[in-house]
Structures are given as C-alpha cells and as structure tokens.
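Presented below is the structure to which this report refers.
The values are calculated or read from the model by the stated rules, or taken from the named source; none is laboratory data. Predicted model, so just to flag it, every value in this text is computed and none were measured. All Cβ positions, even for glycine, are placed from backbone atoms using ideal geometry, and neighbour counts span all protein chains on display.
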Amino acid sequence: MDRVKWGVISTADIGVAKVLPGMLKSDEIEIVAISSRNLKSAQSWASKLGIKKAYGSYEEMLADPEIECVYNPLPNHLHVPLTLAAAKHGKHVLCEKPIAITAKEAMKLKKIPRKIHISEAFMVRHALQWLDAKRRVEAGEIGEVRAIQALFSYFNADPKNVRNDAKIGGGGLLDIGCYPITISRFIFSDEPKRVASTIDRDTKFKTDRLIGGLADFGKGRHLSFTISTQLANYQRVNIMGTKGRIEVEIPFNAPPDQPNRIFVQGSEMNVGHWREYPISDQYQLQAEAFGRAVRSGQKQKWGVEDAIKNMKVIDAFFKAGKSGKWEKV
C-alpha cells in the first residue's frame, strides 16, 4: 500500500524520543509534519528527525490536506480536545494513553463519525512478546489463568514535569497504572467486575504517587498491581496459571534495539525456558497496524469503545482509593 501520511501534534518527549523513531523505521509510514506552539521547537525536531514540514500551531497542521493520520502525545488534559479537533479536519487519530482523564470525558469521542479511526496508543497490544503470551494463554499452555501480578515504577520528583501536575491529569494511575489494567483485560479477554485500591498522594504535587490495586474479574480471576512514580525504576508482569506461569521480562518499556523475552514455566518452580523474540519496535508495529486499518477501512480492533472501558476501570480505582471499599466498574 501507499505510505500512510502522518502529522504529529507537539514535540512531547514520549513522541520525539520513543514513538517517532519507531515510526520512522517503517516503509509503510511517512511523517510529513510536526507541530508545536513554538515554531522553533517544531523546526528543530523536524530537522533532527528528517520531517519535511514544521508548524507553529496545531490548527495549522490539522488543516494540511496531505496529512491522513495524527499522533497526539499531548498532556492528558489535551487528549480529548485535540483528538476532536483533528477528527473535525477528517484526520484519523492515534492518541497517547490515557485517552482522557475520566470515562465521562472519553465519551465525548463517541460523537466522532465512525469512518474516522480513533485508537488509544497502548503499544503493548502489538508487541511480539505480548502477542505470544496471549497465544500461549489461549492455547492452555499454563492451564487456567487465575492471577496477573504487575509491578511498574520509576522515580520522578521534578515539579516542572507534566506528570506531577495534578490539574492536567498528572499522577501514577493515569500515567502507568493504565498498563496493568490494559494487559489484564487483554490477557483475560474480559472486564473486571469490581476493584479495590490504596492510594498515597504526594503532599506537594497532590498527585497519586503510590497505588496498590486489586481487580476482580470474576470466576476466581484477579489482577493485583503496585505502581509508583517515586520508587526505583522497575517493571515486571507474572501471568499465573494452574499449570505454570509466564513472566514478561520488560513488559512495558520494551527495548527496540535488543530481543525481548518471556519466561515460560511449567508446574515445577522456576523450571522452564526463556523465549526470545526478534528485535522489533512496538511503536512501529502499533503505527503500522493503525495505518493498515485506515487504509482497509476495517473497524478498529482497539477503538473508542475499548478506551472508554479502560477509563471506567481507572475511574473505579480512584473511587475505591477514596472510599476504602470495593467499587463496581
């Protein structure tokens, strides 16, 4: 197929440091423009990344008729407004996670015509190690999966970082807590019924910096996770079955320049094998899948409805953190 032509809203770090380098590896993608509220910033990154157009406003870029798809990595509070603005110009949008700050806000995206593709950028759903983990689960390789355990943390106490600004959707649950929620829904192929959580907030930033969560998926299945924005850098996921387990070594920030691995264990403790995958870039795979859906006109597998379901779970965790009780999703 002809290369899908993309425009990028903003020069946010997640975009220029991780997502765009992955997209630029693909022969299915052409990034034709990047925009910023600061023209010099847009021009600088356009030069560094080899992008031919730079715009000093988002609206100017959205009006460019050459652009088919838009990648939106803006801060959380701008995800819905700029996705709606892009769709108004007839652009398909791959929007960074979380797609909104609340499920109610995410529901505004339902007004977008169905012919416009909107997807939440959870690259893990396209990563080779996660696709194989899901295949093994569905094949019954580790028996009946009853528990998923996740730990994801980093340390960021920078007062200027958007992740530490509670007024614009900063905090741990929206930033990284959304990943355990997404991968558990992905692996279980189901939705949680109720959740419980403990939340510790930074006294200065007022953001949620340490969250412990438990999601009941029914039928004796659950997700348990700990995430933090102020602990040592670490991440790991264990998928526990009645006949074995699958451990995803670097589940979320999978390196694009070395093989990624999962450990598959049988019934004996720690007896199993590492499965290694060819070097790949999950951001490239994600954008290619989105572009193919756009080109084919087929319904998006991970569209607005799925994103709203994920936001409902996040909302329930926040509610449970306040009430100290189980909360329905």
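Could you list all residues from the stretch 112-128 that are among the charged types (D, E, K, R) and in a loop (DSSP other than H, G, I, E, B)?
As a first pass, look at the stretch 112-128 and keep what is among the charged types (D, E, K, R): 114-115, 120, 125.
The answer is 114, 115.
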Self-check item: Positions within the stretch 313-327 being part of a helix (DSSP H, G or I) and surrounded by 17 or more Cβ atoms within 10 Å (Cβ to Cβ), in sequence order
Solution: 313, 314, 315, 316, 317, 318, 320, 321
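Sort through 109, 94, 84, 131 and tell me the only one that's over 24 Å from residue 212 (Cα atoms), in contact (Cβ under 8 Å) with a residue 60 or more places away in the chain and in a helix (DSSP H, G or I). Give the steps one after another, and end with the answer.
Working: 94 fails: in a helix (DSSP H, G or I); 84 fails: in contact (Cβ under 8 Å) with a residue 60 or more places away in the chain; 131 fails: in contact (Cβ under 8 Å) with a residue 60 or more places away in the chain.
The unique qualifying residue is 109.
From 305, 268, which residue is out of contact with any strand residue (DSSP E or B) (no Cβ under 7 Å at 6 or more places or on another chain) and farther than 30 Å from residue 113 by Cβ?
On the way: 305 fails: farther than 30 Å from residue 113 by Cβ.
Residue meeting the stated conditions: 268.
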Quiz item: So which residues in the stretch 145-185 are within 23 Å of residue 329 (Cβ to Cβ), assigned to a strand (DSSP E or B) and of a type in the set (Phe, Trp, Tyr)?
Solution: 152
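Among 14, 51, 31, 67, which is crowded, with 18+ Cβ neighbours inside 10 Å and under 21 Å from residue 109 (Cβ atoms)? Before the answer, list the steps.
Numbers: 14 fails: crowded, with 18+ Cβ neighbours inside 10 Å; 51 fails: under 21 Å from residue 109 (Cβ atoms); 31 fails: under 21 Å from residue 109 (Cβ atoms).
Answer to the check: 67.
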Practice problem: Write out, first by first residue and then by second, each pair whose Cβ atoms fall under 7 Å of each other, whose residues are 6+ apart or on separate chains, and whose first residue, in the stretch 8-24, is assigned by TED's automatic domain parsing to the domain that holds residue 65 and over 10 Å from residue 71 (Cβ atoms) while the second is polar (S, T, N, Q) and in a loop (DSSP other than H, G, I, E, B). | Solution: 11/36
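Residue 242 - would you say it is among the hydroxyl-bearing types (Ser, Thr, Tyr), surrounded by fewer than 21 Cβ atoms within 10 Å (Cβ to Cβ) and farther than 22 Å from residue 97 by Cβ?
Details: among the hydroxyl-bearing types (Ser, Thr, Tyr): yes; surrounded by fewer than 21 Cβ atoms within 10 Å (Cβ to Cβ): yes; farther than 22 Å from residue 97 by Cβ: yes.
Spelling it out, residue 242 is indeed among the hydroxyl-bearing types (Ser, Thr, Tyr), surrounded by fewer than 21 Cβ atoms within 10 Å (Cβ to Cβ) and farther than 22 Å from residue 97 by Cβ.
Of the residues 228, 189, which is within 25 Å of residue 327 (Cβ to Cβ) and either surrounded by fewer than 15 Cβ atoms within 10 Å (Cβ to Cβ) or among the basic types (Lys, Arg) (or both)?
Sole residue among the options that is within 25 Å of residue 327 (Cβ to Cβ) and either surrounded by fewer than 15 Cβ atoms within 10 Å (Cβ to Cβ) or among the basic types (Lys, Arg) (or both): 189.
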Self-check item: Selection within the stretch 279-302 - part of a helix (DSSP H, G or I), among the charged types (D, E, K, R) and over 24 Å from residue 254 (Cα atoms)
Solution: 295
